[in-house]
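Remarks on the structure that follows.
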Amino acid sequence: MPNAVIILAVILAALMMVVGGATGIRAFMSIILNFIVLFLNIALISWGFPAMAITIISSLIILAITIFMGSDDDRITQNAFYSSVLVLVVLVILIVLIKPHLMIQGFGNENNEDLEGMSLLIGIKFNDVMTSTMIISTLGAVAEAAIAIATGLEELIETTPDLDLAKIFHHGYDIGKEIIGTALNTLFFGFFGSFLGLFTWYVKLNYSFSEFFNNKIFAAEFSMILIGFIGVISTVPLTAWVIQFRQRHAEKHDSV
(Lines give C-alpha, C1' and ligand atoms only; values in the text may rest on other atoms or scores of the structure.)
Protein backbone atom coordinates (compact mmCIF):
# COMPACT_ATOMS: atom_id res chain seq x y z
CA MET A 1 0.00 0.00 0.00
CA PRO A 2 1.48 3.41 -0.92
CA ASN A 3 2.72 5.48 1.99
CA ALA A 4 0.48 8.38 0.94
CA VAL A 5 -2.62 6.19 1.38
CA ILE A 6 -1.52 5.17 4.88
CA ILE A 7 -0.89 8.81 5.79
CA LEU A 8 -4.35 9.82 4.53
CA ALA A 9 -5.95 6.97 6.50
CA VAL A 10 -4.14 8.07 9.67
CA ILE A 11 -5.21 11.69 9.13
CA LEU A 12 -8.81 10.55 8.61
CA ALA A 13 -8.75 8.45 11.78
CA ALA A 14 -7.27 11.31 13.80
CA LEU A 15 -9.82 13.83 12.54
CA MET A 16 -12.70 11.46 13.22
CA MET A 17 -11.46 10.95 16.79
CA VAL A 18 -10.92 14.67 17.43
CA VAL A 19 -14.16 15.89 15.83
CA GLY A 20 -16.46 12.97 16.53
CA GLY A 21 -15.04 11.59 19.75
CA ALA A 22 -16.37 8.14 20.59
CA THR A 23 -18.87 8.35 17.73
CA GLY A 24 -16.06 9.18 15.31
CA ILE A 25 -14.04 6.20 16.50
CA ARG A 26 -17.05 3.92 16.00
CA ALA A 27 -17.62 5.38 12.55
CA PHE A 28 -14.01 4.69 11.58
CA MET A 29 -14.29 1.15 12.90
CA SER A 30 -17.49 0.70 10.90
CA ILE A 31 -15.57 1.56 7.73
CA ILE A 32 -13.04 -1.19 8.51
CA LEU A 33 -15.78 -3.71 9.33
CA ASN A 34 -17.72 -2.84 6.18
CA PHE A 35 -14.56 -3.33 4.13
CA ILE A 36 -14.17 -6.81 5.64
CA VAL A 37 -17.81 -7.63 4.85
CA LEU A 38 -17.39 -6.44 1.26
CA PHE A 39 -14.24 -8.53 0.87
CA LEU A 40 -16.07 -11.60 2.20
CA ASN A 41 -18.97 -10.86 -0.13
CA ILE A 42 -16.62 -10.86 -3.12
CA ALA A 43 -14.78 -13.97 -1.94
CA LEU A 44 -17.96 -15.99 -1.34
CA ILE A 45 -19.38 -15.08 -4.75
CA SER A 46 -16.07 -16.01 -6.40
CA TRP A 47 -16.21 -19.39 -4.62
CA GLY A 48 -19.55 -20.15 -6.23
CA PHE A 49 -22.05 -19.24 -3.53
CA PRO A 50 -25.39 -17.76 -4.78
CA ALA A 51 -24.66 -14.11 -5.56
CA MET A 52 -28.11 -12.77 -4.68
CA ALA A 53 -28.33 -14.53 -1.32
CA ILE A 54 -24.79 -13.53 -0.32
CA THR A 55 -25.35 -9.95 -1.41
CA ILE A 56 -28.59 -9.59 0.55
CA ILE A 57 -26.97 -11.02 3.70
CA SER A 58 -23.93 -8.76 3.25
CA SER A 59 -26.20 -5.75 2.68
CA LEU A 60 -28.08 -6.39 5.92
CA ILE A 61 -24.81 -6.67 7.83
CA ILE A 62 -23.44 -3.48 6.22
CA LEU A 63 -26.64 -1.56 7.04
CA ALA A 64 -26.52 -2.81 10.64
CA ILE A 65 -22.86 -1.85 11.06
CA THR A 66 -23.30 1.55 9.44
CA ILE A 67 -26.44 2.52 11.32
CA PHE A 68 -25.95 1.02 14.79
CA MET A 69 -22.33 2.18 15.02
CA GLY A 70 -23.27 5.66 13.81
CA SER A 71 -25.53 6.78 16.65
CA ASP A 72 -26.01 6.27 20.39
CA ASP A 73 -29.79 6.60 20.31
CA ASP A 74 -31.43 3.17 20.13
CA ARG A 75 -34.75 4.47 18.85
CA ILE A 76 -33.10 6.37 16.00
CA THR A 77 -30.92 3.46 14.97
CA GLN A 78 -33.75 0.94 15.15
CA ASN A 79 -36.11 3.10 13.09
CA ALA A 80 -33.39 3.83 10.55
CA PHE A 81 -32.44 0.16 10.26
CA TYR A 82 -36.03 -1.06 9.81
CA SER A 83 -36.72 1.53 7.13
CA SER A 84 -33.40 0.79 5.39
CA VAL A 85 -34.29 -2.90 5.26
CA LEU A 86 -37.64 -2.02 3.66
CA VAL A 87 -35.85 0.13 1.09
CA LEU A 88 -33.43 -2.74 0.42
CA VAL A 89 -36.38 -5.05 -0.28
CA VAL A 90 -37.86 -2.51 -2.70
CA LEU A 91 -34.53 -2.07 -4.50
CA VAL A 92 -33.89 -5.80 -4.79
CA ILE A 93 -37.33 -6.31 -6.35
CA LEU A 94 -36.76 -3.37 -8.69
CA ILE A 95 -33.31 -4.56 -9.76
CA VAL A 96 -34.52 -8.12 -10.37
CA LEU A 97 -37.36 -6.81 -12.54
CA ILE A 98 -35.39 -4.34 -14.66
CA LYS A 99 -32.00 -6.06 -14.87
CA PRO A 100 -32.89 -8.28 -17.88
CA HIS A 101 -33.92 -5.19 -19.84
CA LEU A 102 -30.84 -3.08 -19.08
CA MET A 103 -28.31 -5.31 -20.91
CA ILE A 104 -25.38 -3.75 -19.02
CA GLN A 105 -23.52 -6.80 -17.73
CA GLY A 106 -20.07 -7.63 -19.08
CA PHE A 107 -17.53 -5.30 -20.67
CA GLY A 108 -17.65 -2.49 -23.20
CA ASN A 109 -15.50 -1.94 -26.28
CA GLU A 110 -13.22 0.27 -24.21
CA ASN A 111 -12.18 -2.77 -22.16
CA ASN A 112 -10.80 -4.72 -25.13
CA GLU A 113 -7.13 -3.98 -24.39
CA ASP A 114 -7.61 -4.96 -20.74
CA LEU A 115 -9.29 -8.23 -21.74
CA GLU A 116 -6.64 -9.39 -24.22
CA GLY A 117 -4.54 -11.06 -21.54
CA MET A 118 -7.41 -12.05 -19.28
CA SER A 119 -9.29 -15.33 -19.15
CA LEU A 120 -13.04 -14.93 -18.76
CA LEU A 121 -13.53 -18.60 -17.82
CA ILE A 122 -13.87 -17.82 -14.11
CA GLY A 123 -17.19 -19.59 -13.54
CA ILE A 124 -19.07 -16.48 -12.46
CA LYS A 125 -22.00 -14.89 -14.26
CA PHE A 126 -21.31 -11.21 -14.91
CA ASN A 127 -25.06 -10.69 -14.55
CA ASP A 128 -24.79 -11.77 -10.91
CA VAL A 129 -21.80 -9.50 -10.35
CA MET A 130 -23.72 -6.53 -11.76
CA THR A 131 -26.70 -7.31 -9.53
CA SER A 132 -24.48 -7.40 -6.45
CA THR A 133 -22.82 -4.13 -7.46
CA MET A 134 -26.12 -2.34 -8.02
CA ILE A 135 -27.47 -3.38 -4.62
CA ILE A 136 -24.37 -2.61 -2.57
CA SER A 137 -23.71 0.75 -4.26
CA THR A 138 -26.98 2.16 -2.84
CA LEU A 139 -26.49 1.19 0.81
CA GLY A 140 -24.50 4.20 1.99
CA ALA A 141 -26.92 6.78 0.63
CA VAL A 142 -29.95 4.87 1.95
CA ALA A 143 -28.47 4.53 5.45
CA GLU A 144 -27.50 8.21 5.53
CA ALA A 145 -30.97 9.36 4.51
CA ALA A 146 -32.68 7.01 6.98
CA ILE A 147 -30.53 8.23 9.88
CA ALA A 148 -31.14 11.89 9.00
CA ILE A 149 -34.93 11.51 8.79
CA ALA A 150 -35.15 9.30 11.89
CA THR A 151 -33.06 11.78 13.89
CA GLY A 152 -35.20 14.74 12.85
CA LEU A 153 -38.48 13.00 13.60
CA GLU A 154 -37.33 11.64 16.97
CA GLU A 155 -36.22 15.11 18.05
CA LEU A 156 -39.61 16.47 16.95
CA ILE A 157 -41.46 13.78 18.91
CA GLU A 158 -39.39 14.45 22.05
CA THR A 159 -39.93 18.22 21.91
CA THR A 160 -43.63 17.88 21.05
CA PRO A 161 -45.07 15.09 23.23
CA ASP A 162 -48.66 15.84 22.16
CA LEU A 163 -47.80 15.64 18.46
CA ASP A 164 -50.64 14.13 16.44
CA LEU A 165 -49.63 10.74 15.04
CA ALA A 166 -51.24 11.57 11.72
CA LYS A 167 -48.85 14.50 11.35
CA ILE A 168 -45.69 12.46 11.97
CA PHE A 169 -45.80 11.15 8.42
CA HIS A 170 -46.16 14.65 6.97
CA HIS A 171 -43.34 15.99 9.15
CA GLY A 172 -41.19 13.11 7.91
CA TYR A 173 -41.89 14.23 4.35
CA ASP A 174 -40.92 17.80 5.24
CA ILE A 175 -37.63 16.64 6.76
CA GLY A 176 -37.00 14.35 3.80
CA LYS A 177 -37.45 17.19 1.34
CA GLU A 178 -34.62 19.06 3.05
CA ILE A 179 -32.12 16.23 2.65
CA ILE A 180 -33.14 14.74 -0.70
CA GLY A 181 -31.43 17.46 -2.72
CA THR A 182 -28.15 17.09 -0.83
CA ALA A 183 -28.23 13.29 -0.94
CA LEU A 184 -28.98 13.17 -4.65
CA ASN A 185 -26.24 15.67 -5.43
CA THR A 186 -23.80 13.60 -3.37
CA LEU A 187 -24.56 10.56 -5.53
CA PHE A 188 -24.55 12.58 -8.74
CA PHE A 189 -21.22 14.33 -8.26
CA GLY A 190 -19.63 11.20 -6.81
CA PHE A 191 -20.57 9.36 -9.99
CA PHE A 192 -19.31 12.01 -12.39
CA GLY A 193 -16.22 12.73 -10.33
CA SER A 194 -15.10 9.11 -10.31
CA PHE A 195 -15.62 8.80 -14.08
CA LEU A 196 -14.29 12.17 -15.16
CA GLY A 197 -11.24 10.57 -16.81
CA LEU A 198 -13.45 8.17 -18.76
CA PHE A 199 -15.73 10.98 -19.89
CA THR A 200 -12.70 12.96 -21.07
CA TRP A 201 -11.64 9.93 -23.08
CA TYR A 202 -15.06 9.75 -24.70
CA VAL A 203 -14.74 13.38 -25.76
CA LYS A 204 -11.25 12.77 -27.18
CA LEU A 205 -12.65 9.83 -29.18
CA ASN A 206 -15.29 12.18 -30.62
CA TYR A 207 -18.20 10.11 -29.36
CA SER A 208 -21.58 11.41 -30.45
CA PHE A 209 -24.26 12.01 -27.83
CA SER A 210 -26.04 8.77 -28.72
CA GLU A 211 -22.77 6.79 -28.56
CA PHE A 212 -21.93 8.41 -25.24
CA PHE A 213 -25.33 7.80 -23.69
CA ASN A 214 -25.64 4.23 -24.97
CA ASN A 215 -22.11 3.20 -24.07
CA LYS A 216 -22.16 0.06 -21.91
CA ILE A 217 -19.87 1.45 -19.20
CA PHE A 218 -21.79 4.72 -18.97
CA ALA A 219 -25.18 2.94 -19.04
CA ALA A 220 -24.13 0.60 -16.23
CA GLU A 221 -22.89 3.36 -13.96
CA PHE A 222 -25.79 5.68 -14.77
CA SER A 223 -28.25 2.87 -13.99
CA MET A 224 -26.61 2.48 -10.60
CA ILE A 225 -26.96 6.16 -9.81
CA LEU A 226 -30.62 6.13 -10.86
CA ILE A 227 -31.27 3.17 -8.58
CA GLY A 228 -29.46 5.06 -5.83
CA PHE A 229 -31.76 8.04 -6.43
CA ILE A 230 -34.82 5.80 -6.19
CA GLY A 231 -33.45 4.29 -2.98
CA VAL A 232 -32.89 7.68 -1.35
CA ILE A 233 -36.30 9.00 -2.34
CA SER A 234 -38.00 5.78 -1.18
CA THR A 235 -36.29 6.17 2.19
CA VAL A 236 -38.30 9.31 2.97
CA PRO A 237 -41.84 7.84 3.09
CA LEU A 238 -40.71 4.45 4.40
CA THR A 239 -38.78 5.96 7.33
CA ALA A 240 -41.68 8.27 8.17
CA TRP A 241 -44.08 5.32 8.02
CA VAL A 242 -41.88 3.13 10.23
CA ILE A 243 -41.60 5.84 12.90
CA GLN A 244 -45.33 6.55 12.76
CA PHE A 245 -46.13 2.84 13.04
CA ARG A 246 -43.75 2.24 15.97
CA GLN A 247 -44.91 5.39 17.78
CA ARG A 248 -48.55 4.33 17.46
CA HIS A 249 -47.66 0.85 18.71
CA ALA A 250 -45.73 2.33 21.67
CA GLU A 251 -48.65 4.58 22.64
CA LYS A 252 -51.07 1.65 22.51
CA HIS A 253 -48.71 -0.39 24.67
CA ASP A 254 -48.38 2.44 27.23
CA SER A 255 -52.16 2.89 27.42
CA VAL A 256 -52.76 -0.78 28.21
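The values are calculated or read from the model by the stated rules, or taken from the named source; none is laboratory data. This structure is a prediction, so every number in the text was calculated from the model and none was measured. A quick note on method: Cβ atoms are made from the backbone with ideal geometry, for glycine too, and the neighbour counts reach across all protein chains shown. For accessibility, only protein heavy atoms count, side chains too; no ligands or nucleic acids. Shrake-Rupley method; radii C 1.70, N 1.55, O 1.52, S 1.80 Å.
Quick one: count up the residues across segment 159-187 that are open to solvent by 50 Å² or more (accessible area, probe 1.4 Å), over 16 Å from ALA240 (Cβ atoms) and free of Cβ contacts under 8 Å to residues at least 40 places away in the same chain. The number of residues fulfilling the criteria is 5. Scanning segment 91-137 for residues that are assigned to a helix (DSSP H, G or I), at pLDDT 55 or above and polar (S, T, N, Q) yields ASN109, ASN127, THR131, SER132, THR133. Going through segment 230-247 one residue at a time, which ones are closer than 11 Å to VAL90 by Cβ and open to solvent by 20 Å² or more (accessible area, probe 1.4 Å)? ILE230, ILE233, SER234, PRO237, LEU238 - these are the residues of segment 230-247 that are closer than 11 Å to VAL90 by Cβ and open to solvent by 20 Å² or more (accessible area, probe 1.4 Å).
If we scan segment 194-205, do we find a residue that is modelled with pLDDT under 75, within 17 Å of the chain's Cα centre (by Cα) and surrounded by fewer than 16 Cβ atoms within 10 Å (Cβ to Cβ)? Yes: one or more hits. Would you call GLY48 touching a residue at least 60 places away in the same chain (Cβ under 8 Å) and either more than 21 Å from the chain's Cα centre (by Cα) or open to solvent by 50 Å² or more (accessible area, probe 1.4 Å) (or both)? The answer is yes for GLY48. Annotation note: of ILE76, ILE67, the sole residue that is at pLDDT below 90, open to solvent by less than 70 Å² (accessible area, probe 1.4 Å) and closer than 28 Å to ILE243 by Cα is ILE76. When segment 129-150 is filtered for residues that are of a type in the set (S, T, N, Q) and open to solvent by 40 Å² or more (accessible area, probe 1.4 Å), the ones remaining, listed by number, are THR133, SER137. The condition of being modelled with pLDDT of 80 or more, more than 19 Å from PHE218 (Cβ to Cβ) and open to solvent by 70 Å² or more (accessible area, probe 1.4 Å) does not hold for LEU88.
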